[in-house]
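A.B. asks: Handing you a structure now.
None of the figures in this text is laboratory data; all of them are computed from the coordinates on show. Small disclaimer: the values here were computed from a predicted structure and weren't measured. Methodologically, a virtual Cβ is constructed for each residue, glycine included, from the backbone with ideal geometry; neighbour enumeration extends over all protein chains shown.
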Amino acid sequence: MKFEVKFHSGYKGDETPRSVIMGEREFKIEEILERKRVLDEKSGKRYEVFLCKMEGEMVKLERYESGEWGISFLEKP
């Protein structure tokens, strides 16, 4: 699935995801519940993880060092 992430850009560059565009639809990120930097012990690469509430759904966004993104839709508890 192809998608694009729009950001609020601050003085450090792209800082906070604000919406995700899939196809011709834009989905607003309502709340960022958690943000963390992760080190993959196997590859030694770092990436950022954002757990977000997006239009009532729980979503995990991952931003890799390469600039690529991953998205996962999480099940509701």
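A.B. asks: Just to be sure I understand the curve: with the Debye formula and one point per C-alpha of region 4-74, what is log10 I(q)/I(0) at q = 0.13, 0.27 Å⁻¹?
C.D. replies: Rounded to two decimals, the profile gives -0.37, -1.37.
A.B. asks: What spacing in nm lies between the two simple spin-label points modelled at Ile32 and Leu51, each 7 Å away from Cα in the Cβ direction?
C.D. replies: Label-label distance for Ile32 and Leu51, simple model: 1.5 nm.
A.B. asks: If you put +1 on each Lys and Arg Cβ and -1 on each Asp and Glu Cβ, how big is the dipole of region 4-74 around its Cα centre, in Debye rounded to 20?
C.D. replies: With only Lys, Arg, Asp and Glu charged at Cβ, the dipole is about 240 debye.
A.B. asks: When only DSSP loop residues count, what trypsin sites (Lys or Arg not before Pro) in region 30-69 have their Cβ near at most 14 other Cβ atoms within 10 Å?
C.D. replies: Lys42, Lys45
A.B. asks: Right, another one. Which is the longest part of the chain that has none of the chymotrypsin sites (Phe, Trp or Tyr not before Pro) sitting in a DSSP loop with at most 14 other Cβ atoms within 10 Å?
C.D. replies: 12-77
A.B. asks: Using DSSP to call loops (not H, G, I, E or B), can you name the GluC sites (Glu not before Pro) in region 11-59 whose Cβ has at most 10 other Cβ atoms within 10 angstrom?
C.D. replies: Glu24, Glu41
A.B. asks: Then there's this: Among Tyr47, Val20, Val59, whose Cα projects farthest towards the positive end of the dipole of region 4-74, with charges put on the beta-carbon of Lys, Arg (+1) and Asp, Glu (-1)?
C.D. replies: The one lying farthest along the dipole's positive direction is Tyr47.
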